[in-house]
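Peer 1: Below you will find the structure I want to go over with you.
The values are calculated or read from the model by the stated rules, or taken from the named source; none is laboratory data. Because the structure is a prediction, the values reported are computed rather than measured. Here the Cβ is made from the backbone with ideal geometry for all residues, glycine too, and neighbour counts use every protein chain on show. These area figures cover heavy atoms from the full protein model, side chains too; ligands, DNA and RNA do not enter into them. Shrake-Rupley method; radii C 1.70, N 1.55, O 1.52, S 1.80 Å.
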Amino acid sequence: GSRHEQQLAVTGDIGKIETAVPGDELYVSNRKRGGHVVVPVRQDPRVREQGFHHGASYLEHLGFIDAIQSGKPAAVTTRDGLRSVAIGLAAQASIDSGLPILMRPGSRFD
């Protein structure tokens, strides 16, 4: 229900930089002068869908298409995808049972 999926801030001795995802600006403040500057940030033109993944799915698809067209291996394997799903299933099983779920080679979560 938030306006932004993520809000990021870096604070240091000199000042602070803030931004949000999705967002199109950096908010830069200076401790000594007490002022701030808003710096526009140009969105990556390859990102067409800015949802909860901020275009990551779109960019992953571009990489997959490139792998198919160039004959290079994909950045993520089928096994990586299977393990990703298995981790989600194990996490849900842990939530349901209240117990840790061990992921051993050869187990239903491997």
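Peer 1: Looking at the range 1-10 only, could you name the residues that are within 30 Å of residue 65 (Cβ to Cβ), part of a loop (DSSP other than H, G, I, E, B) and at pLDDT 80 or above?
Peer 2: Hit for the range 1-10 is 4, nothing else.
Peer 1: Of all residues in the range 63-84, how many are open to solvent by less than 60 Å² (accessible area, probe 1.4 Å), in a helix (DSSP H, G or I) and among the hydrophobic types (A, V, I, L, M, F, W, C)?
Peer 2: Residues meeting the conditions: 1.
Peer 1: If you don't mind, another one. Give me a count of the residues in the range 23-53 that are within 30 Å of residue 66 (Cα to Cα), modelled with pLDDT under 85 and in contact with a strand residue (DSSP E or B) (Cβ under 9 Å, 6 or more places away or on another chain).
Peer 2: 2
Peer 1: Only residues that are among the small types (Gly, Ala, Ser) and surrounded by fewer than 11 Cβ atoms within 10 Å (Cβ to Cβ): list them for the range 85-107, please.
Peer 2: Taking the range 85-107 and keeping what is among the small types (Gly, Ala, Ser), we get 86, 88, 90-91, 93-94, 97-98, 106-107.
Scanning the range 85-107 gives 97, 98, 106.
Peer 1: Take the residues of the range 27-48 that are in a strand (DSSP E or B) and open to solvent by 60 Å² or more (accessible area, probe 1.4 Å): which is farthest from residue 58 (Cα to Cα)?
Peer 2: From the range 27-48, those in a strand (DSSP E or B) are 27-30, 36-40; that's our starting set.
If we keep only those that are open to solvent by 60 Å² or more (accessible area, probe 1.4 Å) too, we end up with 27, 36-38, 40.
Values: 27: 27, 36: 34, 37: 31, 38: 28, 40: 23 Å.
Residue satisfying both the conditions and the ranking: 36.
Peer 1: Okay, next question. Name the single residue that is farthest from residue 45 (Cα to Cα) among those in the range 11-25 being in a strand (DSSP E or B) and open to solvent by 60 Å² or more (accessible area, probe 1.4 Å).
Peer 2: At the first step, the residues of the range 11-25 found to be in a strand (DSSP E or B) are 11, 15-21, 25.
When the remaining residues are screened for being open to solvent by 60 Å² or more (accessible area, probe 1.4 Å), the result is 11, 16-18, 25.
On the way: 11: 29, 16: 27, 17: 23, 18: 22, 25: 15 Å.
My answer is 11.
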